[in-house]
Amino acid sequence: ILNVEQSPQSLHVQEGDSTNFTCSFPSSNFYALHWYRWETAKSPEALFVMTLNGDEKKKGRISATLNTKEGYSYLYIKGSQPEDSATYLCAFEGPTGTASKLTFGTGTRLQVTL
Amino acid sequence: SAVISQKPSRDICQRGTSLTIQCQVDSQVTMMFWYRQQPGQSLTLIATANQGSEATYESGFVIDKFPISRPNLTFSTLTVSNMSPEDSSIYLCSATRGTSYNEQFFGPGTRLTVL
């Protein structure tokens with residue numbers, strides 16, 4: 001059974017604060033690490049797909065890094081805004097083929113207040 | 001990207017009844033999946049919906065409990081049978097155009113409460 005863990009479980013920050021959270025995953029049989037943002041009553045939205053060790057990706061104020069050797073990824077949000085309030089999910093993808101699957105963490109619930 | 005809709009968006013059901021959830025994609029996709037998120041748990045894959053054949057179920061999920069249909073490339077249904085309170089979850093449909101799991105698109109989910 002794959003173990004994908006996210007921390008913290010929840011986070012409450014004020015508008016303008018920068019924040020980050022962690023996804024840890026198995027360092028063996030790695031193919032990709034996915035980040036999603038899931039707002040209440042909406043579809044999970046893909047943020048990043050990361051495949052290479054040392055990868056850094058950026059989308060506006062959100063960025064992510066990847067360390068496949070030690071099995072972790074960080075998601076950073078710079079200058080948090082209320083619209084960033086959502087649950088952020090990471091998902092581990094194993095090698096390609098019919099056996100590959102997305103294994104999700106439990107998510108980090110972010111709440112940004114004024 | 002693909003736009004995925006689900007019906008119903010939420011429902012409250014009685015123990016012992018069944019509910020069928022519909023998933024519609026706005027364009028043809030290769031693979032469709034059904035996930036469940038129980039309260040406080042991670043999003044868990046139930047099965048891969050295969051067009052014109054039986055779905056492929058993950059460990060811990062069986063066809064009698066979660067029958068799935070996929071009659072064409074844009075539509076699938078998931079039935080939650082003989083429901084119990086433990087089935088209270090968010091059920092999500094997803095799809096991808098490729099043969100890998102990159103760019104997997106999700107529906108908005110069906111929030112099910114079983115009394």
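Results, tabulated for the structure shown:
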| quantity | calculated |
| --- | --- |
| Cα centre as origin, Lys/Arg/Asp/Glu Cβ charges: chain A dipole, Debye | 160 debye |
| Cysteines without a disulfide-compatible partner [chain B; Cβ-Cβ under 4.7 Å] | B:Cys13 |
| Extension gain, B:Ser84 back to B:Ser59 (0.36 nm per residue minus Cα-Cα distance, nm) | 7.1 nm |
| Selection from B:Leu19, B:Ile68, B:Gln51 lying farthest towards where the dipole of chain B points positive, charges on Cβ | B:Leu19 |
| Computed E for A:Lys78/B:Lys7 - FRET, C-beta separation, R0 30 angstrom, nearest 0.05 | 0.20 |
| Estimated dipole of the protein assembly as shown in Debye, rounded to 20 [Cβ of Lys and Arg +1, of Asp and Glu -1, Cα centre] | 200 debye |
| Equivalent ellipsoid dimensions for the protein assembly as shown as semi-axes, Å, which come from the Cα gyration tensor, largest first | 29, 21, 16 |
| Whole-angstrom Cα spans of region A:41-92 along principal axes, big to small | 34, 23, 15 |
| Separation of the B:Asp26 and A:Lys101 label points, Cα + 7 Å toward Cβ, nm | 3.1 nm |
| Which listed pairs, of A:Lys101/B:Lys65; A:Lys57/A:Lys101; A:Lys69/B:Lys7, have C-alpha distances above 30 Å, in listed order | A:Lys69/B:Lys7 |
| DSSP-loop trypsin sites (Lys or Arg not before Pro) across region B:1-40, with at most 16 other Cβ within 10 angstrom | B:Arg15 |
| FRET E, pair B:Thr44, A:Lys58, Förster distance 25 Å, beta-carbon r, rounded to 0.05 | 0.25 |
| Most mobile of A:Leu47, A:Leu102, A:Leu89 in a GNM of chain A (Cα contacts under 10 Å) | A:Leu102 |
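Coordinate-derived values only; no laboratory data. Since the model is a prediction, treat every value here as computed from it, not as a measurement. Glycine gets a Cβ as well: all are built from the backbone with ideal geometry, and neighbour counts include every protein chain shown.
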